[in-house]
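Just so it is clear, none of the values below were taken in a lab; they were calculated from the coordinates. Here the structure is a predicted model, which means the values were calculated and not measured. Positions of Cβ are backbone-derived with ideal geometry, glycine not excepted, and every protein chain shown enters the neighbour counts.
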Amino acid sequence: MSVLDPRRRRRTTLILLLLTSITMLSLDYQGFRPLNQVQSAVRSIVDPLAGSSDSVTSPITNAWRSFSEFDDLEKENARLKDELAELQGNSIQASAAEGTLRALLEEIEIDYIGGADTIVAQVIDRPSNFESYSIEIDRGTNDGLRRGMPVVTSAGLVGRVSEVQDGFSQVRLLHQPDFPLGIRVVGAGEVALARGQGIGEDLQVKEGITEETAIKVGDPVVTSGIEGSSYPPDLAVGVISGVEFDSRLLEQEISVRPVADLADLRFVTVILWTVDGDSTP
């Protein structure tokens, strides 16, 4: 019995498969019914397998899509956070600018009794440790400033010019220890000498207020403006925050809380007013 050559067997199989394919295509084209039944049977077997494959791969596909979408959401979230931070920064800058403008306008609108000329100055430096009890402003002799001129805000007195250069000056603040200031208690009419006691401390009046003087906490205090004073009269200084009686001297000792915020000075107003350019209480 003769044995077929393997190469001839493969060639014969290939020819048969080609002929079968051509025949089935021809029958399918002619609408051969038995072939349709065979196709339906094959499809009924294959479709469930395909559906099973989809159901198996669907969670993987969905998981992959979820990871992809999560990454996109993270990127979008980061972008939105950046935009929010930028908007918040712009808002803060706008608020700061608005506050600066408001402070400047308050200084420009100051109107002092007596018609003394004034000039607005910006605070450009302040020692971080407050040891010098002073600030530096951007006005100097070129702007008409002289040593001893009073410095105020819209709230009240903050100090006086202590050193002057061409384009800047130093201002000595009234809370400096032993800063001398002639004051008058509104209503009582008493004139006395107040002195600074340090940062955050009220001014103190140790003498000059007699026992009979009717004084109470909350009474307003202004500059005395007596002859030879470094300050014009009636500049707001503060309010009485405490009253004590010295039984030895038979006088009242009072504390005065400044109305100007000495810790947050951005703009100040210099009153172009001096007494012979000298500094006296």
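Applying the condition of being of a type in the set (D, E, K, R) and over 24 Å from residue 200 (Cβ atoms) to the stretch 220-245 and asking which residue is surrounded by the fewest Cβ atoms within 10 Å (Cβ to Cβ) yields 227. Need pairs with beta-carbon distance below 8 Å; first residue without any contact (Cβ under 8 Å) to a residue 12 or more places away in the chain and within the stretch 142-161, second aromatic (Phe, Trp, Tyr) and assigned to a loop (DSSP other than H, G, I, E, B); sequence gap 6+ or separate chains. Every condition considered, no pair remains.
Pairs meeting the criteria (first residue in the stretch 187-201 and within 17 Å of residue 231 (Cα to Cα), second residue of a type in the set (Phe, Trp, Tyr) and crowded, with 17+ Cβ neighbours inside 10 Å, beta carbons under 7 Å, at least 6 apart or on different chains) are 195/179; 196/179.
Taking the stretch 153-270 and the strands (runs of 3 or more DSSP E) fully enclosed by it, the elements with 1 or more residues that are among the small types (Gly, Ala, Ser) and either in contact with a Gly (Cβ under 9 Å, 6 or more places away or on another chain) or under 18 Å from residue 134 (Cα atoms) (or both) are at 157-164, 169-173, 180-185, 191-195, 236-246, 251-258.
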